[in-house]
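Below is one structure; the comments refer to it alone.
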Amino acid sequence: MANNFVEIYDTTLRDGSQGEGVSFTVAAKLRIAQKLDQFGVDYIEGGWPGSNPRDMAFFEEVQQLDLKHAKIVAFGSTRRASLTAAEDPQLKLLLEANTQVVTIFGKSWLLHVKEILRTTPEENLKMIEDSVAFLKSEGKKVIYDAEHFFDGYIDDPKYALETLKAAQRGGASNLSLCDTNGGRLVEEVKVIVSEVKSELINISIGVHCHNDSGLGVAVSLAGIQSGAKLIQGTINGIGERNGNANLTSIIPNLVLKMNCSLRCQESLKDIRALSLFVDEMSNQSSDSKAPFVGISSFAHKGGVHADAAAKVKRSYEHIEPELVGNKTRVLVSDMSGRSSIIMKAKEIGLDLDPQSPELKDFLGSLKEMEYKGYAYEAADASLKLLLNKYLKDGQNHLKNLKDHPCHSEMLNLLKFSKIRKK
Ligand SMILES: [Zn+2]
């Protein structure tokens, strides 16, 4: 595996489903799992078999799918303080999920050990090691999620590291450091992942971050810069509170800007389609401003920007939109200039003459209409109607539209129809 290889661990179906307003049926979970597999993620965390019957049904049915790339992961927690790992009913359910890979989370932060679990620091370490070792002895590959790791490390670095060492002794394949509360800053994550890397050798480190400070993507990428080799996140950043680290931003950044090698990198052009699919399945409206995949990501409104982008696309675009399945859009409004109109016309197959003196008058008319209250920015179809029908068909088409409420304005525009190239 290349040195810059990073594994993508998707938790849309588990952590993502905890987002407000998100609810997946078993059928939707199966369809998303198929899409994620086609896209090429490495792991699909399907749910918590102990937490609800729906997740257990998913683990049963997902075995019928012929997945090509991804490994399905069952998620759960370390054993209870009062039981052995073999006796713990929740760990038994994890085995019943019948997945090759199991992820369990445990406590890294003494605040949680003492006040939430109400056990001793020593018992917590045993719970981690025993639980990992038990699952490992049952033939599972185990990923250990160190819950609240960064908060715990800032509170007591020695103890937080001890919890990781317990998981490593138990036989975990990867230790994923979680910013569960989403409150840590980029520099903190960068430094802490580096320190963990220098303490724990010969084991893969991962990051699982949340977006409560608006930094879910940034801290995840900082983890990779410090040597983490696995990133956990969700499609569209869905998840509890402000959501999880957004894979639709993380993946393009890793591939296009950080020179990382990913199993799914060949599918990068499908990432916008994947984002829209998950929006639909999770009943969420698409975020037009989502980086890379949003409909506005490459939309130019300012006349100066549109003009520059028409000459040299990268002058106002950080990547080629097609790389992520998106496209450049021109928004026509009273801020538009000549270039915007020409680009827009091109979009709908009309070749306008940039030198035409009438184009200026056309723009003047457009601006006047916007001033009167007509808005064309979000009305591509209306603008297309004006450009296409009027500039193309001219007088003949007018007959059909004379009852249109904008008839007089359209008439006004019609007189500039000769700006079309012959
Ligand atoms: Zn989480």
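Could you tell me what % of all Cα pairs in segment 240-361 have separations over 17 Å?
Summing the P(r) tail past 17 Å for segment 240-361 gives 63 percent.
Residues with amide H under 5 Å of LYS71's amide H, sequence separation 5 or more or different chain, H placed in the peptide plane at 1.01 Å from N; which?
TYR43, ILE44
Label point 7 Å out from LYS197 along Cα-to-Cβ: which residues of segment 213-228 have amide N under 14 Å?
Once the point is set 7 Å along Cα→Cβ of LYS197, 220-228 turn out to lie under 14 Å by backbone N, inside segment 213-228.
Residues with amide H under 5 Å of CYS178's amide H, sequence separation 5 or more or different chain, H placed in the peptide plane at 1.01 Å from N; which?
Here ALA146, HIS148, PHE149, PHE150, HIS208 satisfy the definition.
Quick one: Debye curve from the alpha-carbon atoms of segment 7-281 only, equal weights, vacuum; give me log10 I(q)/I(0) at q = 0.09, 0.11 Å⁻¹ to two decimals.
-0.37, -0.56
Would you work out the charge dipole size for the chain about its Cα centre, treating the Cβ of every Lys and Arg as +1 and the Cβ of every Asp and Glu as -1, and quote it to the nearest 20 debye? Provide the component values of the computation, followed by the final result.
Numbers: 52 positive and 55 negative charges, 376 e Å.
About 1800 debye.
Taking amide hydrogens as modeled 1.01 Å from N in the peptide plane, which residues meet the under 5 Å criterion relative to GLU7, leaving out close sequence neighbours?
Placed amide hydrogens put LEU230, ILE231 under 5 Å from GLU7.
DSSP beta bridges in the chain, what fraction antiparallel, as a percent rounded to 5?
Values: 2 of 41 bridges.
If we restrict to bridges inside the chain, about 5 percent are antiparallel.
So, with a 1.4 angstrom probe, what is the percent of accessible area on the chain that is carbon and sulfur? Before the final figure, lay out each step's value.
Details: 9270 of 18950 Å².
Carbon with sulfur: 49 percent of the solvent-accessible area.
So which trypsin sites (Lys or Arg not before Pro) in segment 13-109 are both in a DSSP loop and have at most 11 other Cβ atoms within 10 Å of their Cβ?
Loop-located and lightly packed - LYS68.
Take the chain, connect every pair of alpha-carbon atoms lying under 10 Å apart with a spring to form a Gaussian network, then pick out the residue of LYS257, LYS372, LYS289 with the largest mean-square fluctuation.
Judging by the Gaussian network model, the answer is LYS372.
Whole-Hz ³J(HN,Hα) for each residue in segment 378-383, computed from phi via Karplus 6.51 cos²θ - 1.76 cosθ + 1.60 with θ = phi - 60°, x for glycine and proline: what do you get?
Once rounded to whole Hz, the list reads 9, 10, 3, 5, 5, 5.
For the pair LEU65 and SER204, how long in nm is the line joining their label points, each one 7 Å along Cα→Cβ?
About 2.0 nm separates the two model spin labels.
With each run of n ≥ 4 DSSP H residues scored as -39500 (n - 2.57), what mean residue ellipticity at 222 nm is computed for the chain after dividing by its residue count and rounding to the nearest 500 deg cm²/dmol?
It comes out at -11500 deg cm²/dmol, rounded to the nearest 500.
Using a Gaussian network model on the chain with a 10 Å cutoff between Cα atoms, which of GLY182, GLY303, GLY349 fluctuates the most?
GLY349
If you wrap a convex hull around the alpha carbons of segment 133-217, what volume per residue comes out, as a whole number of Å³?
86 Å³
Please find, in a Gaussian network model of the chain (springs between Cα atoms separated by less than 10 Å), the residue of SER131, SER220, SER340 whose mean-square fluctuation is greatest.
SER340
Could you tell me the center-to-center distance, by alpha carbons, between segment 207-253 and segment 1-60 in angstrom?
Taking the Cα centre of segment 1-60 as reference, the centre of segment 207-253 is 16 Å away.
Output wanted: per-residue J couplings in Hz (rounded whole) for segment 210-215, from phi through Karplus 6.51 cos²θ - 1.76 cosθ + 1.60, θ = phi - 60°, x for Gly and Pro.
For segment 210-215, the Karplus curve yields 10, 10, 5, 9, x, 10 Hz.
What nm distance separates the two modelled labels at GLN100 and LYS165, each placed 7 Å from Cα along Cα→Cβ?
3.2 nm
Whole-Hz Karplus ³J(HN,Hα) for segment 98-112, in order, using 6.51 cos²θ - 1.76 cosθ + 1.60 and θ = phi - 60°, x for Gly and Pro?
Working through the residues one at a time gives 6, 9, 6, 10, 10, 10, 10, 9, x, 8, 10, 9, 4, 3, 6 Hz.
Given 0.36 nm per residue, what is the gain on full extension from VAL186 to LEU83 after removing their alpha carbon distance, in nm?
33.2 nm
Can you tell me the accessible area per residue over the chain, all protein chains present, probe 1.4 angstrom, in square angstrom?
Result: 45 Å² per residue.
The values are calculated or read from the model by the stated rules, or taken from the named source; none is laboratory data. Worth saying up front: this structure is predicted, and the values here are computed from it rather than measured. Positions of Cβ are backbone-derived with ideal geometry, glycine not excepted, and every protein chain shown enters the neighbour counts. Heavy atoms of the whole protein, side chains included, go into the accessibility calculation; ligands, DNA and RNA do not. Shrake-Rupley method; radii C 1.70, N 1.55, O 1.52, S 1.80 Å.
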